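**Student:** Below is a structure I'd like to ask you about.
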Amino acid sequence: KYANVVIILAGVYASYSKWIDKEIEIAQQLGKPILAIEPWGSERTSIKVKNAANKVVKWNTISVVNAIRELS
């Protein structure tokens, strides 16, 4: 509730996680933007997370920090 942005790793495992589903659902209910981060060197990522995200970035400090600032 106090977060400005919800960050979710968009690894393939996320497509099968009930907790990721819950995080997406709660973020959407609270009107919080979702930032999806694609894991380093990942070739496949979760479509579910990427579709729910307001922004998708690669695992890179500058990209992540800039996206958080943009979405906050």
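The values are calculated or read from the model by the stated rules, or taken from the named source; none is laboratory data. All of these numbers come straight from a predicted model, not from anything done at the bench. Counting neighbours? That spans all protein chains shown, and the Cβs are built from the backbone with ideal geometry, glycine included. Surface areas here come from the heavy atoms of the whole protein model, side chains and all, with no ligands, DNA or RNA. Shrake-Rupley method; radii C 1.70, N 1.55, O 1.52, S 1.80 Å.
**Student:** List the GluC sites (Glu not before Pro) within the range 1-47 that DSSP assigns to loop and that have no more than 14 neighbouring Cβ atoms inside 10 Å.
**Tutor:** Glu43
**Student:** Something else now. Output ³J(HN,Hα) for the range 57-66: one whole-Hz value per residue in order, computed from phi by the Karplus curve 6.51 cos²θ - 1.76 cosθ + 1.60 with θ = phi - 60°, and x for Gly and Pro.
**Tutor:** Rounded to whole hertz, the list is 10, 7, 6, 8, 3, 4, 4, 5, 4, 5.
**Student:** Over the chain, average the accessible area per residue using a 1.4 Å probe and give it in Å², no decimals.
**Tutor:** Working: 4980 Å² over 72 residues.
On a per-residue basis, the chain sits at 69 Å².
**Student:** Using the beta-carbon distance between Ile68 and Ser42 and R0 = 22 Å, what value does 1/(1 + (r/R0)^6) give for FRET efficiency, to the nearest 0.05?
**Tutor:** 0.65
**Student:** Contact order normalised by length for the chain, with contacts defined as Cα pairs under 8 Å and 6 or more residues apart; what percent is it?
**Tutor:** Result for the chain is 37 percent.
**Student:** Can you pick out the pairs among Lys22/Lys48; Lys1/Lys22; Lys1/Lys58 whose Cα atoms lie more than 21 Å from each other?
**Tutor:** From Lys22/Lys48; Lys1/Lys22; Lys1/Lys58, over 21 Å: Lys1/Lys58.
**Student:** To continue, here is another question. Quick one: pull the percent of accessible area on the chain belonging to carbon and sulfur, 1.4 Å probe, ligands and nucleic acids left out. Intermediate results must be reported in sequence, preceding the final value.
**Tutor:** Numbers: 2670 of 4980 Å².
Roughly 54 percent, rounded to a whole number.
**Student:** Hey, can you grab everything whose amide H is under 5 Å from the amide H of Glu38? Only 5+ residues off in sequence or another chain; H modelled, so Pro and N-termini drop out.
**Tutor:** Answer set, sorted by chain and number: Ala10, Val57, Lys58, Trp59.
**Student:** How much net charge surrounds Leu30 when only other residues with a Cβ under 13 Å from its Cβ are counted (Lys, Arg +1; Asp, Glu -1)?
**Tutor:** +1
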